[in-house]
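Colleague: Input: one structure, supplied below.
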Amino acid sequence: MQIPEGEYRVGTDDDYYVRTNVWSAPGCHGAACGAILHVKDGKLVDIEGDESNPITNGRLCIKCLGIPEYQYHPDRILYPMKRDPKDRGKNTWERITWDEAYDLIEENYYKVREKSGTNNAVLTLGGTGREATMFYPVISFADFRSANVAAPISGDSCYGPRCMIASYMFGTGYPEVDSGMFFNKKYDDPRFERSEYMIIWGSNPLVSNPAGYFGHQIIDMMKMGTKIIVVDPQITWLGSRAEYVLQLRPGTDAALALGMLNVIINEDLYDHDFVEKWCYGFDELSERVSEYPVERVEEITQVPAELIRKAARAYATADGTGRNCSIFMGVAMEMQVDCVSDIQAVLSLIAICGNLDVPGGNVVGPRASFTGAWRYEQIKWVSEEDKKGRIGEEREPIERNALSNVQSDAILPELELPDDERTVRMIWFNSCNALVCMPAEPQRWIEACKKMDFNVVQDLFLTPTAMALCDLFLPVATFPEHDGIVQIHYGRHTPYLGAEVKALDYGETKSDLQVTFELGKRLNPEAWAQFETIEDFMDDQIAPTGLTFDELRHEGILSFDGWNYKKYETGEMRADGQVGFDTITGMVELYSMHFEQWCGEPLPKHEPSPFSEEANPEMAAKYPIILTTGGRKWTQFHSEWHQVESMRQIDPWPVLTINPETAAEYGLSEKDWAEVYNDTGKARLKVHVSTVIKPGMVHATHGWWFPEQDGEAPNYFGAFKSNINTLLPNDSIGRMYKGAPYKSNLCNIRRVRSLDED
Ligand SMILES: Nc1nc2c(c(=O)[nH]1)N[C@H]1C(S)=C(S)[C@@H](COP(=O)(O)OP(=O)(O)OC[C@H]3O[C@@H](n4cnc5c(=O)[nH]c(N)nc54)[C@H](O)[C@@H]3O)O[C@H]1N2
Ligand SMILES: Nc1nc2c(c(=O)[nH]1)N[C@H]1C(S)=C(S)[C@@H](COP(=O)(O)OP(=O)(O)OC[C@H]3O[C@@H](n4cnc5c(=O)[nH]c(N)nc54)[C@H](O)[C@@H]3O)O[C@H]1N2
Ligand SMILES: [Mo]
């Protein structure tokens, strides 16, 4: 089905098609996937890809295709519900109206505020990807006027570190691989060139479409001739089609990048012109890099020295084609204790090879951006005193410079304080299934959160978090059920802006924007005074485009042009319009004076993970297997989709992937149940024996709960049976409070009879 240009809906009142761009809910790292929804007799009957969408061109993944099944799932919660706080863990929910729900929030907010003497009594916890990420900071700052807000991921180890380090080294947003996204004509723009080599480093972007990047663009570029290098302890689909696969030991990425820098500098393969003109600290970096000859790096990473040389030469010279190369970095770089070094070293590779902001390299967007920055600016509604009193304030100044969120690992100890010492008394869970997905040590989180006076959850299903901890459930609308603005951020910039268009009503659900707005009108009307309706608000958000939301709905999606490469030569990179980079020195800071001041280390280095044999031989003797977790699945977005039958048929169980050699050593065979354990926790998963993974390590899927099981206490839908995050200690984080060992921990494994029996 094609919707004519300038229209968004065709058909009759009871049988029509609506063109939309998908963001949320359910959760996804929305790439503004273009979809056409078919509604018949008031019901969503089908969804198909929109061929006119400039990013996805008609392609959709199975989660979008499964949306009718998700939307009408019998477990979905369609009305607000409350429960007596004494009944947490019991299924005694009672349906109420939205007005009653808002009254209850107001009443409890004033109570906890009174008790703690500060707005910081309310803590808002948010999730990832979806539209909710635009609004949970706003609920905290503009509605509750509390400084306590976070996505509670240990070491803040998703995307924040990449952006923060890029902002200090380059003075920009995170530099994404060039996929023609800043041109209206995309690949057809004469200025665009494909990369000769693209390194896929700690990511599986075809499955994950991470941080708003549409992964299939990599396939487009491979079809044009781009060659792939993969850095991953597992052989992914892209790995099986790559020129080189660097199958490293988890958690040794910084050493590998330093080894590649060593080859490039020693063999004189770097871009002299760029380094001389635009890089600060090259000599210091060279000296550091000289400590990492490839033979030493082979020992650390287990990647053969010759392969490191080949990959480094290919990336630095593009095989003499005159083209540039790019590096696609994934979350596995951040889910390491010393993630700062990983990222600093890889960004140094990009810089010294002259692959920054050039065609086919890693590019940075224009300075303008939309509501992404707006949400954090709402901190203006928080008093100075409350800003100073927020959780983890002593971890300043680094945090404030990265995001306005509080440092995640500081939260749990605050929640565990006795009643008379604690500030936080109410938690608002927005798009956050904390007990099974995000934080480390969920077994401590459940006990700590139970201490609160009142907890609210905004979700679509009764999750273990809702069941165990919450007193009020606010049902969230799916994308066919609400309007919204889809903001695609390629490295913190917005090359596309799409309309999410409401196609039908279902139940009494509300979008995140609607709840943020309506709650704000009650609690802090001043913040919302200029908007009568949420459409007024959306009009204001996109005002810089010259369009109203209704006009955007008719347009479908906008892409912005007026963009150049090498903006450091034209003054477009700096706020003051001078040439160069927006850093202290005006150059790329290979040597960071900021980092030197904050943690005494200005340069990248190989710092063995505290969860490795090098740093902790005692632990390694007890727990000899390296544990990595959470590689993405087509059928799930973290803890979501587990109740949807067609997805569960594809991925029915949590899976532990193990090499045949290691499986034999531990007496494990395909489809056995195994318990993975260490001193912190344990989880049970089904064994998958495969040569895609290196020997000596295992990979465990994350986010598992069993919606078909008993939800009441103490089972909580089996939330603690296969919960791999129970093996992860809170606050085992890296320099500058960044990075956590989600992707390189230590464990042991043993065969068990089933999920429940030994
Ligand atoms: N379908 C689906 N899509 C998603 C998500 C989802 O849950 N489901 N989650 C979204 C979110 S929030 C994020 S952050 C992104 C993340 O998406 P990606 O950045 O693509 O990351 P992952 O899929 O976690 O892991 C990618 C690869 O890292 C490898 N790896 C593991 N340990 C290491 C290591 O130590 N070093 C290196 N170099 N590689 C390692 C794994 O083997 C895996 O192949 O995906 C987003 N997209
Ligand atoms: N072991 C291990 N753990 C990990 C990871 C890993 O690699 N390994 N990856 C981590 C990463 S990178 C991330 S970002 C986190 C993600 O963690 P989360 O974002 O917390 O995970 P989800 O399960 O996707 O989402 C939580 C809840 O949001 C609800 N939801 C979906 N859409 C919407 C919406 O539009 N609005 C609202 N209000 N709610 C919605 C879902 O139903 C779900 O219950 O997980 C982390 N956890
Ligand atoms: Mo993430």
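Colleague: Kindly check whether there is at least one residue in region 212-220 that is more than 16 Å from ligand 3 (Cβ to nearest atom), charged (D, E, K, R) and surrounded by fewer than 24 Cβ atoms within 10 Å (Cβ to Cβ).
Modeller: Among the residues of region 212-220, at least one is more than 16 Å from ligand 3 (Cβ to nearest atom), charged (D, E, K, R) and surrounded by fewer than 24 Cβ atoms within 10 Å (Cβ to Cβ), which makes the answer yes.
Colleague: Mind listing just one residue for me: the one in region 116-133 that is crowded, with 24+ Cβ neighbours inside 10 Å and over 22 Å from Ile488 (Cα atoms) and, of those, nearest to ligand 2 (Cβ to nearest atom)?
Modeller: Leu125
Colleague: Now for a different question. Filter region 147-185 for residues that are outside any loop (DSSP other than H, G, I, E, B) and of a type in the set (S, T, N, Q); which is farthest from Met593 (Cα to Cα)?
Modeller: So the residue we want is Ser154.
Colleague: Looking at (1) open to solvent by less than 30 Å² (accessible area, probe 1.4 Å); (2) under 29 Å from Lys738 (Cα atoms), can you tell me which one Thr585 breaks?
Modeller: (1)
Colleague: Just to verify a result, which residue in region 634-645, among those that are within 12 Å of Trp704 (Cα to Cα) and in contact with a helix residue (DSSP H, G or I) (Cβ under 7 Å, 6 or more places away or on another chain), is farthest from ligand 1 (Cβ to nearest atom)?
Modeller: Result: His642.
Colleague: Here is a follow-up. Only one of Ser195, Ser146, Ser203, Ser208 is within 16 Å of ligand 1 (Cβ to nearest atom), surrounded by 24 or more Cβ atoms within 10 Å (Cβ to Cβ) and not aliphatic (A, V, I, L, M). Can you tell me which?
Modeller: Selected residue: Ser203, the only one of Ser195, Ser146, Ser203, Ser208 that is within 16 Å of ligand 1 (Cβ to nearest atom), surrounded by 24 or more Cβ atoms within 10 Å (Cβ to Cβ) and not aliphatic (A, V, I, L, M).
Colleague: Select from region 721-758 the residues that are on the phi > 0 side of the Ramachandran plot and at pLDDT 95 or above and list them in ascending order.
Modeller: Asp731, Gly739
Colleague: Are any residues in region 700-727 aliphatic (A, V, I, L, M) and surrounded by fewer than 24 Cβ atoms within 10 Å (Cβ to Cβ), and if so, which ones?
Modeller: Ala713
Colleague: Taking region 1-46, which residues are surrounded by 24 or more Cβ atoms within 10 Å (Cβ to Cβ) and among the hydrophobic types (A, V, I, L, M, F, W, C)?
Modeller: Val22, Trp23, Ala25, Ala31, Ala32, Cys33, Ala35, Ile36, Leu37
Colleague: If you don't mind, another one. Tell me whether region 444-451 contains one or more residues that are under 21 Å from Gln407 (Cα atoms) and crowded, with 24+ Cβ neighbours inside 10 Å.
Modeller: yes
Colleague: Just give me the residues in region 663-673 being acidic (Asp, Glu) and either open to solvent by 40 Å² or more (accessible area, probe 1.4 Å) or assigned to a strand (DSSP E or B) (or both), in sequence order.
Modeller: Glu665, Glu670
Colleague: Another question, if that's okay. Go through the residues of region 258-266 one by one and say whether even a single one is within 21 Å of Thr301 (Cβ to Cβ), open to solvent by 20 Å² or more (accessible area, probe 1.4 Å) and of a type in the set (S, T, N, Q).
Modeller: Looking for residues that are within 21 Å of Thr301 (Cβ to Cβ), open to solvent by 20 Å² or more (accessible area, probe 1.4 Å) and of a type in the set (S, T, N, Q), one finds at least one in region 258-266, hence yes.
Colleague: Taking the conditions exactly as written (open to solvent by 40 Å² or more (accessible area, probe 1.4 Å) and in contact (Cβ under 8 Å) with a residue 24 or more places away in the chain), does His489 satisfy them or not?
Modeller: yes
Okay, residues lined up against (1) in contact with a helix residue (DSSP H, G or I) (Cβ under 9 Å, 6 or more places away or on another chain); (2) more than 24 Å from Gly739 (Cα to Cα); (3) part of a loop (DSSP other than H, G, I, E, B); (4) not assigned by TED's automatic domain parsing to the domain that holds Ala332:
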{"site": "Ser609", "(1), (2), (3), (4)": "yes, no, yes, yes"}
{"site": "Met647", "(1), (2), (3), (4)": "yes, yes, no, yes"}
{"site": "Glu661", "(1), (2), (3), (4)": "no, yes, no, yes"}
{"site": "Glu675", "(1), (2), (3), (4)": "no, yes, no, yes"}
{"site": "Thr680", "(1), (2), (3), (4)": "yes, no, yes, yes"}
{"site": "His688", "(1), (2), (3), (4)": "no, yes, no, yes"}
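Colleague: Quick one: is Val424 away from ligand 1 (no atom under 16 Å from the Cβ), open to solvent by less than 10 Å² (accessible area, probe 1.4 Å) and over 22 Å from Asp84 (Cα atoms)?
Modeller: Answer is no for this residue.
Colleague: Please determine whether any residue of region 128-135 is under 20 Å from the mean Cα position of the chain (by Cα), over 30 Å from Ser240 (Cβ atoms), within 16 Å of ligand 3 (Cβ to nearest atom) and among the aromatic types (Phe, Trp, Tyr).
Modeller: No, because not a single residue in region 128-135 is under 20 Å from the mean Cα position of the chain (by Cα), over 30 Å from Ser240 (Cβ atoms), within 16 Å of ligand 3 (Cβ to nearest atom) and among the aromatic types (Phe, Trp, Tyr).
Colleague: Restrict the check to region 235-249 and report whether at least one residue is more than 23 Å from the chain's Cα centre (by Cα), touching a residue at least 60 places away in the same chain (Cβ under 8 Å) and open to solvent by less than 20 Å² (accessible area, probe 1.4 Å).
Modeller: There is at least one residue in region 235-249 that is more than 23 Å from the chain's Cα centre (by Cα), touching a residue at least 60 places away in the same chain (Cβ under 8 Å) and open to solvent by less than 20 Å² (accessible area, probe 1.4 Å).
Colleague: Still on this structure, I have one more. I need the strands (runs of 3 or more DSSP E) fully contained in region 1-81, keeping only those with at least 2 residues that are touching a residue at least 40 places away in the same chain (Cβ under 8 Å) and either outside the structural domain of Phe214 (by TED's automatic domain parsing) or closer than 30 Å to Leu206 by Cβ (or both).
Modeller: Result: 15-22, 33-40, 43-49.
Colleague: A further question follows. For Arg648, only one of the following conditions fails: (1) within 16 Å of ligand 1 (Cβ to nearest atom); (2) crowded, with 19+ Cβ neighbours inside 10 Å. What is its number?
Modeller: That leaves (2) as the condition not met.
Colleague: Sticking with this structure for a sec: Limited to region 159-172, what total is found for residues that are open to solvent by less than 20 Å² (accessible area, probe 1.4 Å), touching a strand residue (DSSP E or B) at 6+ places or on another chain (Cβ under 8 Å) and farther than 28 Å from Pro26 by Cα?
Modeller: Of the residues in region 159-172, 2 are open to solvent by less than 20 Å² (accessible area, probe 1.4 Å), touching a strand residue (DSSP E or B) at 6+ places or on another chain (Cβ under 8 Å) and farther than 28 Å from Pro26 by Cα.
Colleague: Being closer than 30 Å to Thr629 by Cα and away from ligand 2 (no atom under 16 Å from the Cβ) narrows it down to one residue among Tyr136, Tyr159, Tyr109, Tyr168; which is it?
Modeller: Exactly one residue qualifies, and that residue is Tyr168.
Colleague: Let me ask you something else. Would you confirm whether any residue within region 220-233 is within 11 Å of ligand 1 (Cβ to nearest atom), part of a helix (DSSP H, G or I) and either closer than 27 Å to Phe183 by Cβ or at pLDDT 95 or above (or both)?
Modeller: No, that holds for no residue.
Colleague: Could you please let me know if Asp156 is touching a residue at least 60 places away in the same chain (Cβ under 8 Å), touching a helix residue (DSSP H, G or I) at 6+ places or on another chain (Cβ under 6 Å), open to solvent by 10 Å² or more (accessible area, probe 1.4 Å) and among the acidic types (Asp, Glu)?
Modeller: yes
Colleague: Taking into account only those residues within region 96-143 that are hydroxyl-bearing (Ser, Thr, Tyr), touching a strand residue (DSSP E or B) at 6+ places or on another chain (Cβ under 7 Å) and more than 17 Å from Ala527 (Cα to Cα), which is farthest from ligand 1 (Cβ to nearest atom)?
Modeller: It comes out as Tyr109.
Colleague: Here's a follow-up. When you look at Glu572, is it part of a loop (DSSP other than H, G, I, E, B), surrounded by fewer than 20 Cβ atoms within 10 Å (Cβ to Cβ), outside the structural domain of Leu685 (by TED's automatic domain parsing) and in contact with a Phe, Trp or Tyr (Cβ under 7 Å, 6 or more places away or on another chain), yes or no?
Modeller: Criteria not met by Glu572.
The values are calculated or read from the model by the stated rules, or taken from the named source; none is laboratory data. Computed from a predicted structure; not experimentally measured. Neighbour counts are summed over all protein chains in view; Cβ atoms, including those assigned to glycine, are modelled from backbone coordinates with ideal geometry. SASA here: full protein model, heavy atoms, side chains in, ligands and nucleic acids out. Shrake-Rupley method; radii C 1.70, N 1.55, O 1.52, S 1.80 Å.
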